[in-house]
Structures are given as C-alpha cells and as structure tokens.
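As structure tokens, the structure follows; a few thoughts come after it.
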Amino acid sequence: MIVNNELRIDFIGIGTGKSGTTCLAEILRQHPDIYYPAKRKEINYFNALLPQDYKTSNPDYLKSLGWYHSFFEDRKEGQICGEITPSYLSMQNAAKDIFAYNPQIKIFTILRNPAERSFSEYLFSMQNGVCPYKNYEEAIENNPAKYLSTSDYYKNLVPFFKLFPNENIGIFFFDDMKADGKKFLETIYNFLGVKNYLPNDFDAPVNVGMQAKSQRLNNFIGKAKMF
C-alpha cells in the first residue's frame, strides 16, 4: 500500500502474547502472497514501552519510517506485508500511533482465556529470566500492567474500535486455533484477502519445548504442549 508516496504495510497483528502468534508468524512467512519480516518477528515499532516490563522506554519507538520499512525491503511485487507484535494491543499509545501511520491498515488479534494467558505470560517471563518475582501473586501485585492489564481485552480493544473501521479489525480465538488449525488459517487468510495456503509440513510432528522459540506449526492442530 502506498500513502503519500510512501510504503505503508498492509496488516499488523496486535496481540495477544502467548496465544499462538509465534506459530502464526512462521506460517505467514511461508505464504507466497505475504511478506513477513525475516529479521525480526516482533518489531515493537509502535511500543512506547518495552514489553519485557511495560516500564522501560523503548529505544525503537517511532524511529524513522525508513528504519521501520527496512524490515520489509525484500518484499516482492504483488505481496502484501505486515508484522505481529503482541504487545501493541495493551500499549496505551499504540492505537493512535498505528492509525496515524496508516488509517486503512488491517489489524487483528488472537484472544485466549485471559486467566490462562496471564499465567502463561508469567511462566514465559520466568523461563527467560525477565521476571524478578518469586511467584505469580507477587508478579501481578507488583507489575499489573504486564500480567493483568494485558488480558483486559475489552479495555485494550476500545481505542482501536474508536479509530479504525470495524471491517478492518479481525478478532480471532486461540481455542479455534487449537480445535481446527486449518479452518483457523482460512479465516485469517480471508481477513487479509489472500488465497488459502498450507505449508507442506503443516501436519508434521515436531519436538516442542516450553519456550516459545521452540513452538512450531503443530501448535495449530493441538499437538503442541501449551503452557
């Protein structure tokens, strides 16, 4: 998409974390009609704060458009392009900044049971050494912005619905992904306006660990061990 003679990406996945977005990004990256950045899954361009703690200022926040668009410079003609940064949904500034960037962009989110999602966020933080708290109760008490507010879907979605047309917002569900991954992908592709596509290894079994970087395609068909 070109706006004022400048590239504008076509879609952004705004959340939520621990809801299958890593797996979805891997599949979108393989779609012949989609360019998904190879350099980085979560660009964090529209995050005023770092999602590691929701307190520290993000040094990449609204750098030049040239910096942001460099992640998409290898796109081919005819491909749509976009990214997924799950913390956009719960960053207070993100809706207005994304709208200012491209008011016609398509945005979508995958929602998971909020209690499960919040606890999964805590476990993931513990595994990666970015949670200084000794238990979940202490974590939500000391950092509710990261462990509770991120699962307040209604509050977080309102700013997007106030700015963007309803037809440009896609709401999808983690339970649907687990129940029927192929059908789930069809709904995503339909929303993005591209043909249906499944990677050759979509049903291939893989070893899945507890860390998100090890989760792959079979998260979509319920074979993966989710936490």
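The values are calculated or read from the model by the stated rules, or taken from the named source; none is laboratory data. Just so you know, these numbers come straight off a predicted model, no measurement behind them. Neighbour counts are summed over all protein chains in view; Cβ atoms, including those assigned to glycine, are modelled from backbone coordinates with ideal geometry. All accessible areas refer to the heavy atoms of the entire protein, side chains included, with ligands and DNA or RNA removed. Shrake-Rupley method; radii C 1.70, N 1.55, O 1.52, S 1.80 Å.
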Checklist line | Coordinate range along principal axes, alpha carbons of the stretch 84-159, Å, largest first | finding: 43, 22, 19
Checklist line | Sequence-distant residues sharing a close amide H with Tyr35 (under 5 Å, placed H) | finding: Ile80, Cys81, Gly82
Next item on the list: Post the alpha-carbon centroid distance, the stretch 167-204 to the stretch 102-146, in whole angstrom.
Entry: 23
Item checked: Placed amide H near Leu49: partners under 5 Å, 5+ positions off or other chain -> Asn58
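If we count every other residue with Cβ under 14 angstrom of Pro86's Cβ, Lys/Arg +1 and Asp/Glu -1, where does the sum land?
Result for the neighbourhood of Pro86: +3.
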Next item on the list: With a/c under 1.5 counting as rounded, go ahead and sort the stretch 1-69 into rounded, prolate or oblate using the C-alpha gyration tensor (a ≥ b ≥ c being the square roots of the eigenvalues; past the cut-off, prolate if a/b is larger than b/c, else oblate).
Entry: oblate
Checklist line | For the stretch 34-39, Karplus couplings with θ = phi - 60° (6.51, -1.76, 1.60), whole Hz, Gly/Pro x | finding: 10, 9, 10, x, 7, 6
Checklist line | Listed residues Leu123, Leu192, Ile84: farthest to the positive end of the dipole of the chain (Cβ charges) | finding: Leu123
Checklist line | Distant-in-sequence amide H partners of Gly13 (H built 1.01 Å from N, under 5 Å) | finding: Glu83, Ile84, Thr85, Phe108
Checklist line | Phi-based couplings in Hz for the stretch 157-162 (Karplus 6.51, -1.76, 1.60; Gly and Pro marked x) | finding: 7, 3, x, 6, 5, 6
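Only Lys, Arg, Asp and Glu count, each charged at its Cβ (+1, +1, -1, -1), so figure out the dipole size of the chain about its Cα centre, rounded to 20 debye.
Details: 26 positive and 25 negative charges, 32 e Å.
Rounded to the nearest 20 debye, it is 160 debye.
What number do you get for the chain when its Cα radius of gyration is normalised by 2.2 N^0.38 Å, N = residues?
Working: Rg = 17.0 Å, N = 227, 2.2 N^0.38 = 17.3 Å.
Compactness ratio reported: 0.98.
Counting only heavy atoms of protein chains, what accessible area per residue, in Å², does the chain have with a probe of 1.4 Å?
Numbers: 10850 Å² over 227 residues.
Accessible surface, normalised per residue, equals 48 Å².
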Notebook entry, point to check: Taking the chain as a Gaussian network, Cα atoms linked when under 10 Å apart, which of Leu28, Leu192, Leu65 shows the biggest mean-square fluctuation?
Noted result: Leu65
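In debye to the nearest 20, how big a dipole does the stretch 52-180 give about its Cα centre with +1 on each Lys and Arg Cβ and -1 on each Asp and Glu Cβ? Walk me through the intermediate numbers first.
Details: 13 positive and 17 negative charges, 56 e Å.
Dipole magnitude for the stretch 52-180 comes out near 260 debye.
Counting only protein heavy atoms and using a 1.4 Å probe, what share of the accessible area of the stretch 19-102 belongs to carbon plus sulfur, as a whole percent? List each step's numbers first, then the result.
Working: 1720 of 3430 Å².
Ligands and nucleic acids excluded, carbon and sulfur give 50 percent.
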Note to self: Longer than 30 Å from Cα to Cα, which of Lys155/Lys183; Lys55/Lys183; Lys134/Lys182; Lys96/Lys146; Lys55/Lys155 are they? Say none if no pair is.
What the structure shows: Lys55/Lys183; Lys134/Lys182
Item checked: Backbone HN-Hα couplings from phi across the stretch 6-14 [Karplus 6.51/-1.76/1.60, Hz, Gly and Pro as x] -> 10, 4, 10, 5, 8, 8, 9, x, 9
Check: Counting each DSSP H run of 4 or more residues in the chain as -39500 (n - 2.57), what helix-only mean residue ellipticity at 222 nm follows after dividing by all residues, to the nearest 500 deg cm²/dmol?
Finding: -9500 deg cm²/dmol
